[in-house]
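For reference, the structure discussed in these notes is given below.
Every number in this text was worked out from the coordinates using simple rules, so none of it is lab data. Not measured: the values here are computed from a predicted model. Methodologically, a virtual Cβ is constructed for each residue, glycine included, from the backbone with ideal geometry; neighbour enumeration extends over all protein chains shown.
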Amino acid sequence: MFMNDKSLGPQAQDASSSPVRYVARQPILTHQRTIVGYELLFRSGMEEQFRCADPDQATKSVIDMTALLGFEALCDGGLAFINCTLETLRRGHIALLPPEKVVIEILETIPLCDSLLHLCGKLRSEGYKIALDDFTIDDPRECMAELANFIKVDLKQTSWDDANKLCRRLGSRACAMLAEKVETPEDFAQATQLGFSFFQGYFFGKPKTISFRNAGLESLAHPNPVQPDLASPIRLVS
C-alpha cells in the first residue's frame, strides 16, 4: 500500500513533490446498457497503452489504488474487474479488497496448473468472482468454466462462428458470457443476438485515465492542477 500522509514529514507531504499515480477504467454493461462495473487497467502515465515491464507490479499497483481510493470513487460503487497474475494470487494481494466487489480476471497468458485451479477454487469459496479473459474456441482453461462467473471473448480475435459456438457451449452454464472489443452498433447487435449478456468496448467508451496525487484526484489536462480531497468528484481524462 502507499504510505499514509501522517507518516511523512511536512516537505514530503507537499503534493507538488509527490509522484502522480494512474489507473484507467473502462465500463462493462448489460444489454440494456446498464453499467455493472469497470475493468481497471494499469497506466504509468497519460498514454492509452499498457506500458510496464513487470505485470506483477502492475497488478499490485491497481489493487493498491483500488484499496486506497475505494469502489465508489473508481467504480461508481459497481464491480472492479482486475487483471491478476498468478504470483499476485499466490501472495494474496487481492485480499486487500472486499470479495463482493471484485472480479478476478485470469489472463490467457497464465499457464493452466494445479496451483491456479486451487487458488481460483479458494477465491470463489471466499466470495470473489472469476472471469476467464480472452477465451478462445480451443481454450485449455475450459476445465475452469465451472469456477468462472464470466467468460470474456475478444470479438476482434474470434470469428462470429466461433463466438456463437462458445455461447452455445458455455452460455448454458452458471457463467455469463461477456463480449470484449465491441466497437460498433453492429458488433453490439450481433453479440446480443448470439447470447452475450455483458459487453465492453469502444462502442460504449474508451478507457479513461484517473490521476492521483496524495491528497486527491486530478486531471493532468488542467494547466494548473489543484489538489482536491477524496470527497471531490473524480476527473477523468480520455
| said: As I understand it, the dipole of segment 19-218 uses +1 on the Cβ of Lys and Arg and -1 on the Cβ of Asp and Glu, about the Cα centre. Which of P140, A73, A58 lies farthest toward its positive end? | reply: A73
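Can you put E87, E142 in order of Cβ neighbours within 10 angstrom, beginning with the fewest?
Details: E87 15, E142 18.
Going from least to most buried by this count: E87, E142.
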| field | Given K60/K165; K101/K208; K165/K208; K165/K206; K129/K181, the pairs whose alpha carbons are separated by over 30 Å | value | K60/K165; K165/K208
| query | Taking amide H positions as placed 1.01 Å from N in the peptide plane, with prolines and chain starts having none, which residues 5 or more places from V20, or on another chain, fall under 5 Å of its amide H? | reply | none
| How much net charge surrounds V102 when only the other residues with a Cβ under 13 Å from the Cβ of V102 are counted, with Lys and Arg +1 and Asp and Glu -1? | -1
| query | Quick one: if you stick a label point 7 Å off each Cα along the C-beta vector at W160 and T30, how many nm between them? | reply | 2.6
| Cα centre as origin, Lys/Arg/Asp/Glu Cβ charges: segment 62-153 dipole, Debye | 300
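Can you tell me how segment 19-218 classifies by the Cα gyration tensor, rounded, prolate or oblate, using a/c under 1.5 as the rounded cut?
Verdict is oblate for segment 19-218.
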| note | Computed about the Cα centre, the charge dipole of segment 19-218 from +1 Lys/Arg and -1 Asp/Glu charges at the Cβ has a magnitude in debye, to the nearest 20, of 420
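Using the number of other C-beta atoms within 10 angstrom as an exposure proxy, rank F199, F135 with the fewest first. Walk me through the numbers before you get to the answer.
Working: F199 24, F135 27.
Ordered from fewest to most neighbouring Cβ atoms within 10 Å, F199, F135 come out as F199, F135.
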| said: Could you derive backbone 3J(HN,Hα) for segment 176-182 from the dihedral phi with the Karplus parameters 6.51, -1.76 and 1.60 (θ = phi - 60°), listing whole Hz in sequence and x where the residue is Gly or Pro? | reply: 9, 8, 10, 8, 9, 6, 7
